[in-house]
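Novice: Pasting in a structure now, in structure tokens, and then I'll have a few things to ask.
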2 protein chains.
Amino acid sequence: MNGAERTIDTLLRRGVDTCFTNPGTSEMHFVAALDRTPSMRSVLALFEGVASGAADGYGRIARRPAVTLLHLGPGMANGLANLHNARRARTPVVNVVGEHAVAHQEFDPPLATDIEGLARPMSGWVGTVTSAAGLAATVDAAVDAAVGPPGTVATVIVPADLSWGEVGEAVPGASTTHGAPGEDARGGSAGTGQRADGDTSGAGGTVHSGAVLQFPATSPMGDVVWALRSGEPAAIVVGGRACNGPFLRRAAQVAAASGAQLLAETFPARLARGAGIPAPDRLAYLAELAQLQMAGLRHLVLVDAPTPVSFFAYPGIPSVLVPDGCALHVLAGPGDDLGSALDELAGGLGVAADAVAPAPASARPDRPSGALTAQSVAAAIGAVLPEGAIVSDESNTCGIHIPGATAGCPPHDWLTLTGGAIGQGLPVATGAAIAAPGRRVLCLEADGSAMYTIQSLWTQAREGLDVTTVVLDNHAYGILAFELSRVGAGTPGPIASSMLDLDRPELDFVALATGMGVPACRATSAEELVTVLEKAMAEPGPSLIQVPVPRTL
Amino acid sequence: MNGAERTIDTLLRRGVDTCFTNPGTSEMHFVAALDRTPSMRSVLALFEGVASGAADGYGRIARRPAVTLLHLGPGMANGLANLHNARRARTPVVNVVGEHAVAHQEFDPPLATDIEGLARPMSGWVGTVTSAAGLAATVDAAVDAAVGPPGTVATVIVPADLSWGEVGEAVPGASTTHGAPGEDARGGSAGTGQRADGDTSGAGGTVHSGAVLQFPATSPMGDVVWALRSGEPAAIVVGGRACNGPFLRRAAQVAAASGAQLLAETFPARLARGAGIPAPDRLAYLAELAQLQMAGLRHLVLVDAPTPVSFFAYPGIPSVLVPDGCALHVLAGPGDDLGSALDELAGGLGVAADAVAPAPASARPDRPSGALTAQSVAAAIGAVLPEGAIVSDESNTCGIHIPGATAGCPPHDWLTLTGGAIGQGLPVATGAAIAAPGRRVLCLEADGSAMYTIQSLWTQAREGLDVTTVVLDNHAYGILAFELSRVGAGTPGPIASSMLDLDRPELDFVALATGMGVPACRATSAEELVTVLEKAMAEPGPSLIQVPVPRTL
């Protein structure tokens, strides 16, 4: 077995069976190995940002990592923005990045770069394979790191000569998790999967990592119980894994029993929603609105959620949005046993396993008619969203009414822009559809963000994915026109306006989608939108609907 | 004046008057400042890779830096691949990257990243502004570093509070080049413009730099003169600045007088070509062919050119392509006084200032007819290429016959893919057109590479740029199918083939261009291609021609 084959074999043994890629010459042995390994699903992207975002969407839905296969430093670089979002989402992702053959590196050929340096800011784990003997263990360590908990982005760099060289077979039946010793990997620890805040690669086999996310220390359980028993205004903020399933329900039970508000972090990686599912209020993106949501609180209990901070700094607005005099309690962080922590809290408060967890009743908006507005578009989506849908939401300012209009729809999952790096929605939808065949994916995409990774549509067409994309087209970076005044930069004149407007020339998303093999149409009224949405969601394969909407801000 | 205004004022004082941008909230004060500074031309890109590639194209033609304005770490990340190409081209580029306000950074908001870490691998100079007093000097130092020689990518990181805070006016008449002391910038030295191979930021005000390109030491002049007088087979290899104007002519005179071959580096940033201009043979991309070009040489004289090395490593092929027994002589490197070195060499060899410099005669291929093939497409381009054209060449395998077919065309400039990071051609064409109004830009673009930064077309339409794009569409990553066998990975089966093919679905570049406001058509025969090319080049503004061609390899 050569190194490329062994890498893929190792990934498959760990259940990593989906590869998003745009390979190059240094990855050709991986491509050849994929040929011989049909159990690894290989998905081609026209741009690495599509591959990395698809791996994020896949991981959020499948709850296990996909692998990306990227070409040298530039391929890694092109994938970084969506890896940033994945890292913020704590999505498990494994990147395999090809590097020049070891003996070739000293000659500084044109494509040579510092791949580890590029990977570090957006990876929780980075390792370079330095020997045939250590290859499988390094790949294993990357999977360990990616899976966590907490999940993260793990990057393995494989020099070409180690991908084409013989490395031997895995021993049948043996675990590959704890294989060769750490010194076989540079940077990456082979087998230990440890992480550090800084570069401690020389110290006992720990790994490079400049990107481990900070999280405050867990509070004593007694303090949390006391806070929720105090009778003082309190809120529980769910985030991360607490936005789903039994964790969300348990948090909702505790909130209801103790009289606390139930809030959610602003941009959850994956939020379970719909009729019968507890519905926390998401903290607003706008700092001023988030402050209103938390006004008067004396206790804030964080359940796998970060401390509420402003997305950006503004002159005169504090960074931390927790009200003065409000105590912050951390029930559990991303690496903790969330179920036990919630059960212990419920026990301390005497909340039964079958306690009430308030949730929205089944309800849909009436089918709207008339002009396309942010409201009527939201109603149209609420009128048709199918059960089990996965919504990849990058609708930004155009979409502010959509969560409200879909709150009582049949159960569905909502994926948000976790890291603020735009261009996430289309790739995440692509990966989510591959992770969940049979479920309809609805991609809500703002025009400006859509153009970052529009190449995703081609992969959707090629793979025949059940993704319906709604491009909400307000001909502007709507959020920026608003932010310009918020940061105190005044009223935009002609030049500033031209840096925020997308109407010269207008983007024809129908043409763009058609050009990449995705059937597309334009809606001109709310009733037409309902009709084409229903049709699009009922038919197999991808489609795109361009929806002109007035600016909301 | 606030920091954003002072930054722009400082850049304008240094002659940097063109800004390629996709800004975000942390750059809104820059956007507002651009509003008040119409002498800075502001060009919006739909994706940062377009902005950074356009800055590369601009710098190659204007021979002075443009500035990019990028949004935080993700904006920087999206620009990196084309900054890699710019760094390899030694193009002067200044990046201004917004960062969160200093007091906000500790709270790790969603968009927080290690911007310096991201910038370093693709920048020759990185500095972060840390005080109002040091801002202008840091920006000045970045311009110094970018301009060189050698030119490089310089990145200045400006926290939002330092862009919105007051920094005072520049003193009228005073040079801003040597302003505040070095301690006012973290990483970046304010005023000295020194660079180092490693991080020596603590040592006397030098700067972070992990990306300074290596270059071998200059040889004693006597050795070079001796080598070219020896009568042994010799070649002069021109690269960098030696691919243009008087330097190219002087090198050609020396080669002709001494009987040496005249070669050029494989991927010059900007090569002057056409009737009457000395025409070095470019070293082939394929290592085997480059070895044939240099077979039997006993002396290789490098004139601002790197040592010929293989683009990738292949099993059994050496990395360095210089023949055994051939001595390597470095006449001058990227930071040296090239004119003096060439004059001294010419003097040593007794080559007069008006010595013969052989050059192609004026000649064009006949207008082709019949089927579209790599040969007929090349002839069509050779038949119509206008005088003064700028060719942005990312035609890859489809374009192998085009240099030959255009060798005798009227004088023109040829820009190539310097760093191997695909997605360069369209952005570079965009920036070149802005640098050279009145000159026709011809962008030769392979289908796979085109899809990396296809958003460039929108900026071309918006700015009304005279760019004619020819998409050479062979439905494949043609080079990779070839490389797969070269690296010894065998014959591709169905899965491998599907990772290299772009024919499922087919890309409709006419639809894609039209969707972004660029008029487009498809050529179906060689005579039709000539007709539409002539029409496209005669009309103002951008256009695109999709040209289906068979695979060449």
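The values are calculated or read from the model by the stated rules, or taken from the named source; none is laboratory data. As the structure is a computational prediction, the values presented were derived from the model and not from experiment. Cβ atoms come from the backbone with ideal geometry, glycine included; neighbour counts cover every protein chain shown.
Novice: Being part of a helix (DSSP H, G or I), in contact (Cβ under 8 Å) with a residue 24 or more places away in the chain and more than 25 Å from the chain's Cα centre (by Cα): is that true of B:A383 here?
Specialist: Yes: the conditions hold for B:A383.
Novice: On to the next question. Can you pull out every residue in segment B:37-59 that is more than 14 Å from every other protein chain (Cβ to nearest Cβ), of a type in the set (A, V, I, L, M, F, W, C) and either within 18 Å of B:V139 (Cα to Cα) or not in a helix (DSSP H, G or I) (or both)?
Specialist: Result: B:A55, single match.
Novice: For A:P149, state whether it is more than 10 Å from chain B (Cβ to nearest Cβ) and assigned to a loop (DSSP other than H, G, I, E, B). I'd like the intermediate steps shown before the answer.
Specialist: Working: more than 10 Å from chain B (Cβ to nearest Cβ): yes; assigned to a loop (DSSP other than H, G, I, E, B): yes.
When the stated conditions are applied, A:P149 passes them.
Novice: Still on this structure, please answer the following. Residues of segment A:13-44 being modelled with pLDDT under 95 and basic (K, R), which ones?
Specialist: A:R36
Novice: Does A:T91 qualify as being β-branched (V, I, T), within 25 Å of A:G53 (Cα to Cα) and assigned to a loop (DSSP other than H, G, I, E, B)?
Specialist: Considered against the rule, which asks whether it is β-branched (V, I, T), within 25 Å of A:G53 (Cα to Cα) and assigned to a loop (DSSP other than H, G, I, E, B), A:T91 comes out as yes.
Novice: What number of residues within segment A:499-509 are within 8 Å of chain B (Cβ to nearest Cβ) and surrounded by fewer than 19 Cβ atoms within 10 Å (Cβ to Cβ)?
Specialist: Number satisfying all stated conditions: 3.
Novice: Among the residues of segment B:471-505, write down those that are part of a helix (DSSP H, G or I) and in contact (Cβ under 8 Å) with a residue 40 or more places away in the chain.
Specialist: B:G478, B:I479, B:A481, B:F482, B:E483, B:R486 - these are the residues of segment B:471-505 that are part of a helix (DSSP H, G or I) and in contact (Cβ under 8 Å) with a residue 40 or more places away in the chain.
Novice: Any residue in segment B:18-36 that is more than 9 Å from chain A (Cβ to nearest Cβ) sitting within a Cβ distance under 8 Å of a residue that is of a type in the set (D, E, K, R)? List the pairs, counting only those 6 or more apart or interchain.
Specialist: B:T18/B:R41; B:C19/B:R41
Novice: If A:I479 satisfies all but one of (1) modelled with pLDDT of 95 or more; (2) over 18 Å from the mean Cα position of the chain (by Cα), what's the number of the condition it fails?
Specialist: (1)
Novice: Here is a further query. On the given criteria, is A:A255 in contact with a helix residue (DSSP H, G or I) (Cβ under 7 Å, 6 or more places away or on another chain) and either assigned by TED's automatic domain parsing to the domain that holds A:L345 or of a type in the set (G, A, S) (or both)?
Specialist: Judged against the criteria, A:A255 is not a match.
Novice: Moving on. Just to be sure I understand, how many residues within segment A:95-116 are within 7 Å of chain B (Cβ to nearest Cβ) and either of a type in the set (G, A, S) or in a strand (DSSP E or B) (or both)?
Specialist: From segment A:95-116, those within 7 Å of chain B (Cβ to nearest Cβ) are A:100-101, A:103-104, A:107-111, A:113-114; that's our starting set.
Filter once more, keeping what is either of a type in the set (G, A, S) or in a strand (DSSP E or B) (or both): A:101, A:103.
Going through segment A:95-116 one residue at a time, the tally reaches 2.
Novice: Here's something else I'd like to know. With the structure loaded, tell me whether A:T68 is in a strand (DSSP E or B), of a type in the set (S, T, N, Q) and touching a residue at least 40 places away in the same chain (Cβ under 8 Å) or whether it fails that test.
Specialist: On the way: in a strand (DSSP E or B): yes; of a type in the set (S, T, N, Q): yes; touching a residue at least 40 places away in the same chain (Cβ under 8 Å): yes.
For A:T68, the condition - in a strand (DSSP E or B), of a type in the set (S, T, N, Q) and touching a residue at least 40 places away in the same chain (Cβ under 8 Å) - is met.
Novice: Further question on the same structure: When you scan segment B:6-13, do you find a residue that is under 15 Å from the mean Cα position of the chain (by Cα), more than 30 Å from B:D108 (Cα to Cα) and surrounded by 24 or more Cβ atoms within 10 Å (Cβ to Cβ), even just one?
Specialist: No, there is no match, as no residue in segment B:6-13 is under 15 Å from the mean Cα position of the chain (by Cα), more than 30 Å from B:D108 (Cα to Cα) and surrounded by 24 or more Cβ atoms within 10 Å (Cβ to Cβ).
Novice: Given segment A:225-290, what strands (runs of 3 or more DSSP E) lie entirely inside it while holding 3 or more residues that are surrounded by 22 or more Cβ atoms within 10 Å (Cβ to Cβ)?
Specialist: Strands (runs of 3 or more DSSP E) meeting the threshold: A:234-238, A:261-264.
Novice: Keeping to segment A:303-353, report how many residues are within 14 Å of chain B (Cβ to nearest Cβ) and part of a strand (DSSP E or B). Quick ask: steps written out before the conclusion?
Specialist: First pass over segment A:303-353, keeping only residues within 14 Å of chain B (Cβ to nearest Cβ): A:305-322, A:328, A:333-334.
Subset that is part of a strand (DSSP E or B): A:309, A:314, A:317, A:320, A:328.
Of the residues in that region, 5 qualify.
Novice: Please identify the pairs in which a residue from segment B:109-134 that is farther than 27 Å from B:A170 by Cα and touching a residue at least 12 places away in the same chain (Cβ under 8 Å) has its Cβ atom under 9 Å from the Cβ atom of a residue that is assigned to a helix (DSSP H, G or I) and of a type in the set (V, I, T), counting only partners at least 6 apart or on another chain.
Specialist: Pairs that qualify, where the first residue is farther than 27 Å from B:A170 by Cα and touching a residue at least 12 places away in the same chain (Cβ under 8 Å) and the partner is assigned to a helix (DSSP H, G or I) and of a type in the set (V, I, T), are B:L111/B:T25; B:P121/A:I115.
Novice: Then there's this: Can you tell me which of B:G98, B:G73 is among the small types (G, A, S) and over 23 Å from A:F47 (Cα atoms)? Before the answer, list the steps.
Specialist: Numbers: B:G73 fails: over 23 Å from A:F47 (Cα atoms).
Criteria check complete, one pass: B:G98.
Novice: Residues in segment B:432-460 that are more than 14 Å from chain A (Cβ to nearest Cβ) and either within 16 Å of the chain's Cα centre (by Cα) or hydroxyl-bearing (S, T, Y) (or both): how many?
Specialist: The qualifying residues number 9.
Novice: Confirm whether B:P368 is out of contact with any Cys (no Cβ under 7 Å at 6 or more places or on another chain), outside the structural domain of B:A227 (by TED's automatic domain parsing) and surrounded by fewer than 22 Cβ atoms within 10 Å (Cβ to Cβ).
Specialist: no
Novice: Can you confirm whether segment B:388-396 contains a residue that is within 13 Å of chain A (Cβ to nearest Cβ), more than 15 Å from the chain's Cα centre (by Cα) and modelled with pLDDT under 95?
Specialist: Within segment B:388-396, one or more residues are within 13 Å of chain A (Cβ to nearest Cβ), more than 15 Å from the chain's Cα centre (by Cα) and modelled with pLDDT under 95.
Novice: So, one more: If A:G134 passes every condition in (1) surrounded by 24 or more Cβ atoms within 10 Å (Cβ to Cβ); (2) touching a Ser or Thr at 6+ places or on another chain (Cβ under 9 Å) but one, which one does it miss?
Specialist: (2) is the only condition that A:G134 fails.
Novice: Moving on. For segment B:510-533, which positions are within 14 Å of chain A (Cβ to nearest Cβ), touching a Lys or Arg at 6+ places or on another chain (Cβ under 8 Å) and outside any loop (DSSP other than H, G, I, E, B)?
Specialist: Within segment B:510-533, just B:V510 meets the criteria.
Novice: Does segment B:535-547 contain any residue that is more than 14 Å from chain A (Cβ to nearest Cβ), surrounded by fewer than 19 Cβ atoms within 10 Å (Cβ to Cβ), touching a strand residue (DSSP E or B) at 6+ places or on another chain (Cβ under 7 Å) and of a type in the set (A, V, I, L, M, F, W, C)?
Specialist: Checked segment B:535-547: at least one residue is more than 14 Å from chain A (Cβ to nearest Cβ), surrounded by fewer than 19 Cβ atoms within 10 Å (Cβ to Cβ), touching a strand residue (DSSP E or B) at 6+ places or on another chain (Cβ under 7 Å) and of a type in the set (A, V, I, L, M, F, W, C).
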